[in-house]
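Each remark here refers to the structure printed beneath this line.
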């Protein structure tokens with residue numbers, strides 16, 4: 001008998017009878033909050049940075065103001081062109097190792113934990129949000145949901161090969177619990193929160 | 001692998017020789033427990049979340065067979081290759097087989113307690129495969145030739161000065177530099193080179209969704225992602241109990257996991273792997289290794305609900321003062337003590353006794369595992385099966401005999417009180433194990449029974 005059959009048979013024989021799944025609707029007494037304020041508060045607390053963008057702001061000019069006119073920015077947002085993802089003639093993610101600032105859109109953000117949801121539609125290449133030194137994300141305030149429950153309602157049915165929540169810069173506290181930003185991935189994460 | 005025959009108590013004694021260090025270890029973990037409390041107490045819905053998570057896991061245990069089949073079918077449809085391993089040895093053979101097939105001898109690996117449980121690193125080392133653990137804490141213990149002492153905080157027992165020395169030796173950092181920021185920066189450079197050059201990446205799995213065939217890996221460092229997205233082959237290893245029914249259930253578990261582990265609102269990266277990247281190969285190894293047996297033990301099956309947050313370790317007064325290595329098992333602390341005896345009751349017979357049964361572990365567990373009840377039940381199993389220490393069994397028999405005979409109990413008490421008064425050094429002797437780190441109280445003149453008999457008449 002294959003291990004597959006043996007495992008499945010043993011599991012079937014030993015599993016208890018449980019028929020119902022619990023209801024996962026949040027109770028009414030769950031905390032209520034303003035999604036923009038909470039998102040900014042939480043993301044800032046976990047080492048990220050939130051920049052509120054007004055309707056009248058020129059986003060590209062604002063990004064250059066934040067990172068400096070000389071900033072080395074690779075953008076995968078068509079409306080915000082900077083340097084392209086790949087130099088001509090290659091699509092090997094390893095060439096991204098020298099990306100300084102990666103600029104991408106997020107589909108939506110989650111206020112309770114300061115995270116943003118992105119998939120291949122936004123980052124194009126899976127390594128992009130990790131291999132860069134700094135991550136810049138553009139997100140609309142209208143696309144903030146309060147909790148992870150609403151987040152998964154939005155994700156439900158989405159076709160993606162790889163999707164992820166990102167909440168702040170890459171970090172570690174493995175050395176005596178001292179927080180260090182920039183473990184392997186980006187050292188900073190900035191979310192430009194548009195109207 | 002090195003064979004360890006010392007008991008938890010003996011190994012703890014070694015750990016306890018350096019009192020200042022034990023206090024530091026204890027306080028550091030308690031601080032993390034407090035961060036967990038702060039996160040939990042902000043949320044009025046916290047207890048509802050725990051109850052719901054526990055309920056979902058009940059359903060998983062009751063329907064694991066169908067959920068595993070559904071997960072497999074969906075993962076295959078997504079283009080993921082699925083393997084089944086009955087035990088640790090088969091798991092290791094499968095992983096090595098994939099490496100051999102591609103002629104790969106150098107790999108990167110992110111944190112996976114399952115591969116620790118299976119002894120994958122040692123196995124691959126024997127096969128001349130170079131494995132680089134990429135979680136910073138795991139890399140530190142790996143360079144030192146150790147195993148993690150905590151499932152979330154692998155080098156919680158290491159001081160920064162020692163890490164500075166270790167990095168000086170292996171990574172060439174300046175001698176005497178123990179600055180965490182600097183040392184992390186050195187590790188970043190060291191590991192980036194590995195990420196960029198290695199073709200195979202192994203990761204663990206936090207949750208696997210039956211409904212969609214995807215799996216989720218949670219890290220703060222981004223090391224799992226740096227490894228997998230720069231590799232040709234991704235091998236994800238998971239215990240069969242990591243299945244959850246639906247994608248929407250991730251909302252419940254991801255809200256609980258990081259808050260319980262470290263008090264963070266979430267881990268930095270919650271990566272959902274559904275399909276291999278173009279040109280990439282993705283494998284999942286589903287491992288039983290005793291889990292189906294544990295599922296058949298009604299008293300102990302709830303241990304399979306564990307989501308590996310480590311909250312029970314951070315709160316445990318015994319873990320905090322004995323260190324993770326004293327448990328001699330990949331998963332230490334209270335949860336490890338109820339998982340390990342399932343694999344080998346005799347070898348791990350000491351672990352369920354390494355507890356005060358205070359119940360704090362059960363109170364912080366995000367999926368409401370009755371950990372301290374199971375510790376108590378394992379003690380009974382172990383004693384029934386004759387694996388309890390002989391001295392303890394003998395002492396318990398004497399106690400049972402005395403407690404069953406009131407005259408013997410009264411006599412014993414009266415003799416003991418007299419002895420304590422007349423020969424205090426005989427009773428308060430440090431050679432008696434109970435007196436280690438304890439002092440006997442001053443002996444009362446009479447027992448409570450005698451006092452009550454006398455005072456009752458006055459009323």
Point to revise | All Cα pairs of chain B, percent lying beyond 33 Å | key: 43 percent
Exercise for review: Give the relative contact order (percent, whole number) for region B:293-384; include only Cα pairs under 8 Å separated by 6+ residues.
Suggested key: 31 percent
Exercise for review: Please report A:149, B:372 as a ranked list, fewest other C-beta atoms within 10 angstrom at the top and most at the bottom.
Suggested key: A:149, B:372
Exercise for review: Once you have a ≥ b ≥ c as the square roots of the Cα gyration tensor eigenvalues for region A:93-133, tell me rounded if a/c is under 1.5, and otherwise prolate or oblate according to whether a/b is larger than b/c.
Suggested key: prolate
Study note, to complete from the structure: Shape call for the protein assembly as shown, from the Cα gyration tensor axes a ≥ b ≥ c (a/c under 1.5 means rounded, otherwise prolate when a/b beats b/c, else oblate), comes out prolate
Revision key, fill the gap. The helix B:249-261 Cα axis meets the longest alpha-carbon principal axis of chain B at an angle in degrees, between 0 and 90 and rounded to 10, of 60 degrees
Practice item. Only Cα pairs under 8 Å and at least 6 apart count here; give the relative contact order of chain A as a rounded whole percent. Key: 25 percent
Check your understanding: Over chain B, what is the relative contact order in whole percent, taking alpha-carbon pairs under 8 Å and six or more residues apart?
Key -> 20 percent
Exercise for review: Can you tell me which of A:42-49, A:102-109, A:171-178 comes out highest on packing, and rank the rest after it, using the mean Cβ neighbours within 10 Å?
Suggested key: A:102-109, A:171-178, A:42-49
Review point. Once you average over the residues of A:127-138, how many Cβ atoms of partner chains fall within 10 Å of each Cβ?
Key: 3
Practice item. Please order A:69, B:211 by the number of other Cβ within 10 Å, starting at the fewest. Key: A:69, B:211
Check your understanding: Quick one: which of B:355-366, B:130-141, B:99-110 comes out on top by average Cβ neighbours within 10 Å, and what's the full order, highest first?
Key -> B:130-141, B:355-366, B:99-110
Check your understanding: Other chains' Cβ within 10 Å of A:144-157 residues: what's the mean?
Key -> 3
**Study point:** Rounded, prolate or oblate (a/c below 1.5 giving rounded, otherwise prolate when a/b exceeds b/c) for region B:43-289 by Cα gyration tensor
**Key:** oblate
Point to revise | Shielding by other protein chains, B:255-268, mean Cβ within 10 Å | key: 5
Revision key, fill the gap. In this structure, the FRET efficiency calculated for residue B:96 and residue B:171 from their beta-carbon separation, with R0 = 25 Å, to the nearest 0.05, is 0.35
Exercise for review: Just the number, please: percent antiparallel of the DSSP beta bridges in the protein assembly as shown, rounded to the nearest 5.
Suggested key: 30 percent
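Going by average Cβ neighbours within 10 Å, how do the peptides B:64-73, B:382-391 rank, with the highest at the top?
In decreasing order of mean packing, B:64-73, B:382-391 become B:64-73, B:382-391.
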Check your understanding: How far apart, in nm, are two points set 7 Å out from the Cα along the Cα-to-Cβ line at residue B:77 and at residue B:434?
Key -> 6.4 nm
**Study point:** Counting DSSP beta bridges with both ends in chain B, the antiparallel % (nearest 5)
**Key:** 25 percent
Revision key, fill the gap. Region B:26-52 scanned against label point 7 Å out from residue A:25 along Cα→C-beta; backbone N under 20 Å for B:44-52
Study note, to complete from the structure: Once residue B:452 and residue B:37 are pulled to full extension, the length gained, defined as 0.36 nm per residue separation minus their Cα-Cα distance, is 145.0 nm
Check your understanding: Which of B:233, B:338 comes first, and how do the rest follow, when ranked by fewest Cβ neighbours within 10 Å?
Key -> B:233, B:338
Check your understanding: Most fluctuating residue of A:34, A:163, A:185 in a GNM of chain A with Cα springs under 10 Å: which is it?
Key -> A:34
**Study point:** Distance from region B:278-332 to region B:90-133 (C-alpha centre basis), Å
**Key:** 19 Å
Point to revise | Counting DSSP beta bridges with both ends in region B:198-339, the antiparallel % (nearest 5) | key: 40 percent
Point to revise | Helical contribution to [θ] at 222 nm, DSSP H n ≥ 4, -39,500 (n - 2.57), averaged over the protein assembly as shown, rounded to 500 | key: -13000 deg cm²/dmol
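Coordinate-derived values only; no laboratory data. Nothing here was measured: the structure is a model prediction, and the numbers come from that model. No Cβ is skipped: glycine too gets one built from the backbone with ideal geometry, and neighbour counts run over all protein chains shown.
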